[in-house]
Amino acid sequence: MTGSDSTSARKPSFGAGILGSSVDPAHKHARASLRKPSIDPARLGGMQALTPSPQLVREMKAMSLKGHYNVLFIGAGNINFGSDQGPWNHSVRLEHKLQTRMHVVGIIDPAIHRAKEVMTVKCATFVEAAYKDAKLCKSLDEFVGIIKPTEVPHAIVIGSPAQFHGSDLPGQDLELQCLKHFPEAALFVEKPISCAPVKSCYALAKILDDKKSVVSVGYMLRYLQVIQQMQRIIAETGKPVMMVVARYVCSYAKIDSEVWWNKSKSLGPIVEQGTHLVDLCRYFGGEAILETVQATSTEHYEEAGKLEAIPIDESKIPANDRVPRTTSAIWKFDTGAVCSFSHALTLQGTKYSTELEVYLDGWQMKVVDLYNEPTLYVRSPEADAEQKINFPSDDPYFSEISAWIDASENKNANNNESAIAEDDEEDNDEIPNGILSTFKDSCGTYALTWAIKEASERALKTGTKPTQ
């Protein structure tokens, strides 16, 4: 943002002036690296807005004039169709975004009974018309062999286990298999993006970029309005981020998946779960210098690592494959900023406890409870008292799905009302229509979570295990 930028032209904006501080444009600092893409917070929000904005009304009217939109789900599990463990449910967000346009052409899952259960539930509700003709298949090849030309998917939601996608390696290249059969389809890939080596993920990212495929990765926390408000404040101050502090505390007693508790299958809680806050650390701090990563952990065999409410029989998991109870890591970004990240399995209720702090010269921004009721506390150079900001009914899952669908439909068109903030226009060719987490960018988060995991495992080798 330059000195000629108008604050009023960027409404709704939450800049330094609103906090009671004036930022002289002539003294703004140049950022050490390009700012991550951001979205005007006014373009985000939940599905239950009682009074839709004029912009949203225009978008919905335009949407209704378009024809059927074919969706293929790969995976009939919780991430695509919901559970009582959390708010994730991509199908519900797609139903709201596409409304009567939505046409589910297939649900693919090797456990076909799960797909049938989903169909039973969906066809007993008001969205029956969207699902009633869906093909239920055990594999992508089976689906390809039975569909009609009118059933070619416009979008594919990949919610299968990470070991099957995210790389260019045979058997772990589901994205490439999808594009081989449906080269124009937009892809939505859940995190973690893969279980494959990092270099193989970057290899896939290059292929996807070369194909100019529309791909979004499920780092939904980037789409929170409080997160975008933080990005806007940073942009308007023009100051570089100096430090990021993040904490992710999990309610472990509800995680009844034996795969999740086995790090040889899930890769452990940092790669599988903590990745969301690690991603936000990168989103604000920049690219991590992986050689600077240091980490240590609390293990299951240590006194501090005893958990009393594990919902599965952990004795069935080999001792070396049991997940760490806590992990603490530090590293440095390429801008010179530093980061501290902690993850823990300690809570036994339902809600997770999460916090993210971002520090600039004169500024402290802290967002708490990112999964439930995100609230931002801002301290500025003008006052020690914190300003409290929240956005009721925000739904980052819907915002990320909405941005992805918009990007898929505007792939070959000039979108004059891009959701990307105006000061990111120079990067629009890399960030189509508001997608905040591209596959290539998510490879950076994947690499960082692996670096944390490996650093903590190296630290174990230098310590002494107590008598078993």
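The values are calculated or read from the model by the stated rules, or taken from the named source; none is laboratory data. Keep in mind that what you see is a predicted model, and the values were worked out from it rather than measured. So basically every Cβ, Gly included, is an ideal-geometry build from the backbone, and we count neighbours across all protein chains shown.
Which condition number does V144 fail, the rest of (1) at pLDDT below 95; (2) more than 26 Å from the chain's Cα centre (by Cα) being met?
Condition not satisfied by V144: (1).
Do we find that A155 is buried (at least 22 other Cβ atoms within 10 Å of the Cβ) and either among the small types (G, A, S) or over 19 Å from the mean Cα position of the chain (by Cα) (or both) in this structure?
yes
Could you check segment 353-372 and list, in sequence order, the residues that are part of a loop (DSSP other than H, G, I, E, B) and at pLDDT 95 or above?
D361, G362, D369, L370
Test A130 against the stated conditions and say whether it is in contact (Cβ under 8 Å) with a residue 24 or more places away in the chain, assigned to a helix (DSSP H, G or I) and either of a type in the set (D, E, K, R) or touching a Lys or Arg at 6+ places or on another chain (Cβ under 8 Å) (or both).
yes
Restricting to segment 315-329, count the residues that are farther than 14 Å from G274 by Cβ and part of a strand (DSSP E or B).
1
Kindly state which helices (runs of 4 or more DSSP H) lie completely within segment 159-245 and contain at least 3 residues that are of a type in the set (V, I, T).
Result: 225-237.
For K265, only one of the following conditions fails: (1) out of contact with any Ser or Thr (no Cβ under 6 Å at 6 or more places or on another chain); (2) surrounded by fewer than 24 Cβ atoms within 10 Å (Cβ to Cβ); (3) part of a helix (DSSP H, G or I); (4) modelled with pLDDT of 95 or more. What is its number?
K265 satisfies all of (1) out of contact with any Ser or Thr (no Cβ under 6 Å at 6 or more places or on another chain); (2) surrounded by fewer than 24 Cβ atoms within 10 Å (Cβ to Cβ); (3) part of a helix (DSSP H, G or I); (4) modelled with pLDDT of 95 or more except (4).
Restricting attention to segment 334-349, does a residue exist that is of a type outside the set (A, V, I, L, M, F, W, C), at pLDDT below 95 and in the same structural domain as H276 (by TED's automatic domain parsing)?
Yes, the conditions are met somewhere in segment 334-349.
For segment 76-119, what are the residues that are under 18 Å from the mean Cα position of the chain (by Cα), within 22 Å of L140 (Cβ to Cβ) and not in a helix (DSSP H, G or I)?
The answer is G77, and nothing else.
In the set I108, I146, I156, which member is of a type in the set (A, V, I, L, M), farther than 28 Å from V259 by Cβ and in contact with a Cys (Cβ under 8 Å, 6 or more places away or on another chain)?
Step by step, each of I108, I146, I156 is checked, and only I146 is of a type in the set (A, V, I, L, M), farther than 28 Å from V259 by Cβ and in contact with a Cys (Cβ under 8 Å, 6 or more places away or on another chain).
For segment 313-335, give me each residue that is farther than 18 Å from K453 by Cα and either surrounded by 13 or more Cβ atoms within 10 Å (Cβ to Cβ) or in contact with a strand residue (DSSP E or B) (Cβ under 7 Å, 6 or more places away or on another chain) (or both).
The answer is E314, I317, D334, T335.
Mind listing just one residue for me: the one in segment 111-144 that is among the small types (G, A, S) and touching a strand residue (DSSP E or B) at 6+ places or on another chain (Cβ under 9 Å) and, of those, nearest to L98 (Cα to Cα)? Explain how you work it out, then say what you get.
Filtering segment 111-144 down to residues among the small types (G, A, S) leaves 111, 115, 124, 129-130, 134, 139.
Subsequent filtering for residues that are touching a strand residue (DSSP E or B) at 6+ places or on another chain (Cβ under 9 Å) retains 115, 129-130, 134, 139.
Values: A115: 21, A129: 13, A130: 10, A134: 16, S139: 25 Å.
The residue in question is A130.
In the list I312, I401, which residue meets the criterion of being under 25 Å from S83 (Cα atoms), of a type in the set (A, V, I, L, M) and assigned to a loop (DSSP other than H, G, I, E, B)?
I312
Could you grab me the full set of residues in segment 373-388 that are more than 21 Å from C281 (Cβ to Cβ) and part of a strand (DSSP E or B)?
If the condition is that a residue be more than 21 Å from C281 (Cβ to Cβ) and part of a strand (DSSP E or B), then S380, A383, D384, A385, E386, Q387, K388 are the ones that fit.
Right, P381: at pLDDT 95 or above, farther than 26 Å from S200 by Cβ, touching a Ser or Thr at 6+ places or on another chain (Cβ under 7 Å) and of a type outside the set (D, E, K, R) or not?
Yes.
Scan segment 67-111 for residues that are surrounded by 20 or more Cβ atoms within 10 Å (Cβ to Cβ), farther than 15 Å from I401 by Cβ and among the charged types (D, E, K, R) and jot them down.
D109
Anything in segment 142-158 that is within 15 Å of D109 (Cα to Cα) and assigned to a strand (DSSP E or B)? List them, or say none.
Across segment 142-158, the qualifying residues are I156, V157, I158.
What number goes with the only condition from (1) closer than 19 Å to Q163 by Cβ; (2) in contact with a Ser or Thr (Cβ under 6 Å, 6 or more places away or on another chain); (3) surrounded by fewer than 24 Cβ atoms within 10 Å (Cβ to Cβ) that L204 does not pass?
Tallying (1) closer than 19 Å to Q163 by Cβ; (2) in contact with a Ser or Thr (Cβ under 6 Å, 6 or more places away or on another chain); (3) surrounded by fewer than 24 Cβ atoms within 10 Å (Cβ to Cβ), L204 fails exactly one: (3).
So for segment 415-429 (the condition being under 23 Å from the mean Cα position of the chain (by Cα) and at pLDDT 95 or above), does at least one residue qualify?
No: segment 415-429 contains no residue that is under 23 Å from the mean Cα position of the chain (by Cα) and at pLDDT 95 or above.
Are any residues in segment 336-352 part of a strand (DSSP E or B) and either touching a Ser or Thr at 6+ places or on another chain (Cβ under 7 Å) or surrounded by 15 or more Cβ atoms within 10 Å (Cβ to Cβ) (or both), and if so, which ones?
Taking segment 336-352 first, the residues part of a strand (DSSP E or B) are 338-347.
Listed by number, the residues that qualify are V338, C339, S340, F341, S342, H343, A344, L345, L347.
Which condition number does L280 fail, the rest of (1) under 19 Å from L360 (Cα atoms); (2) in a strand (DSSP E or B) being met?
Tallying (1) under 19 Å from L360 (Cα atoms); (2) in a strand (DSSP E or B), L280 fails exactly one: (2).
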